[in-house]
Amino acid sequence: MRALARAITLIERRDPSIRDLEDAVRDHTDAQVPDVTGFTSAPGTGKSTLVDAVVTLLRKRSQSVAVLATDPNSPFTGGAILGDRIRMQRHALDPKVFIRSMGARGHLGGLSLASREAIRLLGAFGFDQVILETVGVGQSELEVAAVADTTVVVLTPNLGDSVQMIKAGILEIADVFVVNKADIDGHGRVVAELRTMLNMAPKTSWKPPIIPTVATRQEGVQQLWEAILAHRSHLEKTGKAKELSERRLRDETAEVAAELARERTRRALREDPTLTERLLKDGTPYRTAEEILRTRTDN
Ligand SMILES: Nc1nc2c(ncn2[C@@H]2O[C@H](COP(=O)(O)OP(=O)(O)O)[C@@H](O)[C@H]2O)c(=O)[nH]1
Ligand SMILES: [Mg+2]
């Protein structure tokens, strides 16, 4: 576990030794690709409580599970926030549960790159299931959807956050909807609104189910997991699973290439005063970038 935690730190830092990690994963004969489920919502809707309940369910079914809580707001989170840490403590001594909060440095998309790399590593460490927990602010929920096989969007009877999520285009990324806090007034109305909205959406081969839950009492969690499994098997049956994983590898490689090129360019400009001087004089970033990529092969 220590080795795993250390390796994830290297991944967060985008350390070049990631390539050695990849080789190690490739040569690991038991490496498997874990199933990835993403949970996203506005803060306070009960994601962490729900994820904790799902972890408990999975452990009862003898599945190992890793939770990556991604925090787009802090470049290096270093550890889970206090409330989550306390909540997750009951799994702390279970070697089949790995919980880690992850940040990513740099550009947009950094988080999804880092989590994909981490997911492969978790597969080599034998984890069956990976759960990503992300606060749905701005781009981060789209990043989750780009990494997860199944994206769960969590809403609550609080009308404010349902409107907010829908505004953010969350409808398109949800494979499963959870309406949590079913013990609170207004729950039925949110479910009804959501159903109406889904019925108006264009027909697709997968219709996202709406699962009511009370995360604090573990109610509805089993139904939620069944819905996630049903979505998985839909992906498998339609050939989408394979298509997705192939497309992701290609996209990921292109993103890493961009990252490496950016690094190389910055270094060249830092280390070569004549090049920088000419750039500043001529004002030709395109030409300069091209030249750097053509002539510099160092990494
Ligand atoms: N009444 C009620 N409260 C809940 C439920 N699920 C979570 N909560 C509470 O909502 C608050 C936020 O939960 P948390 O899991 O931290 O939300 P997150 O910010 O989305 O991760 C906590 O005080 C939880 O105890 C639920 O089903 N019903
Ligand atoms: Mg949380």
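The values are calculated or read from the model by the stated rules, or taken from the named source; none is laboratory data. Note that the structure is a prediction, hence the values are computed from the model and not measured. Cβ placement follows ideal geometry from the backbone for every residue including glycine, while neighbour counts extend to all protein chains displayed. Remember, those area values only see protein heavy atoms, side chains included, never the ligands or the DNA or RNA. Shrake-Rupley method; radii C 1.70, N 1.55, O 1.52, S 1.80 Å.
Here are the numbers for the structure shown:
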{"quantity": "With all protein chains modelled, accessible area of His187 [1.4 Å, Å²]", "calculated": "20"}
{"quantity": "Furthest towards positive pole of dipole, Met200, Ile211, Phe177, structure part the stretch 174-261, Cβ charges", "calculated": "Met200"}
{"quantity": "Using a Förster distance of 25 Å, the FRET efficiency for Glu193-Gln63 (Cβ separation, nearest 0.05)", "calculated": "0.15"}
{"quantity": "Per-selection Rg to Rh, the stretch 160-299 - Cα, Kirkwood hydrodynamic radius", "calculated": "1.25"}
{"quantity": "Where labels lie 7 Å past Cα in the beta-carbon direction, separation of Glu277 and Thr238 in nm", "calculated": "6.0"}
{"quantity": "Under the Karplus curve 6.51 cos²θ - 1.76 cosθ + 1.60, θ = phi - 60°, whole-Hz ³J(HN,Hα) for the stretch 186-197, x wherever Gly or Pro sits", "calculated": "x, 4, x, 5, 5, 4, 5, 4, 4, 4, 4, 5"}
{"quantity": "Within the stretch 249-295: Cβ-based charge dipole about Cα centre, in debye rounded to nearest 20 (Lys, Arg +1; Asp, Glu -1)", "calculated": "180"}
{"quantity": "Among Ala261, Pro285, Thr274 - extreme Cα towards positive end, dipole of the stretch 249-295, charges at beta-carbon", "calculated": "Thr274"}
{"quantity": "Solvent accessible area, Å² - Glu143, 1.4 Å probe, full protein context", "calculated": "30"}
{"quantity": "Partner aspartates and glutamates for Lys60 [C-alpha distance under 13 Å; skip if fewer than 8 residues away on the same chain]", "calculated": "Asp52, Asp94"}
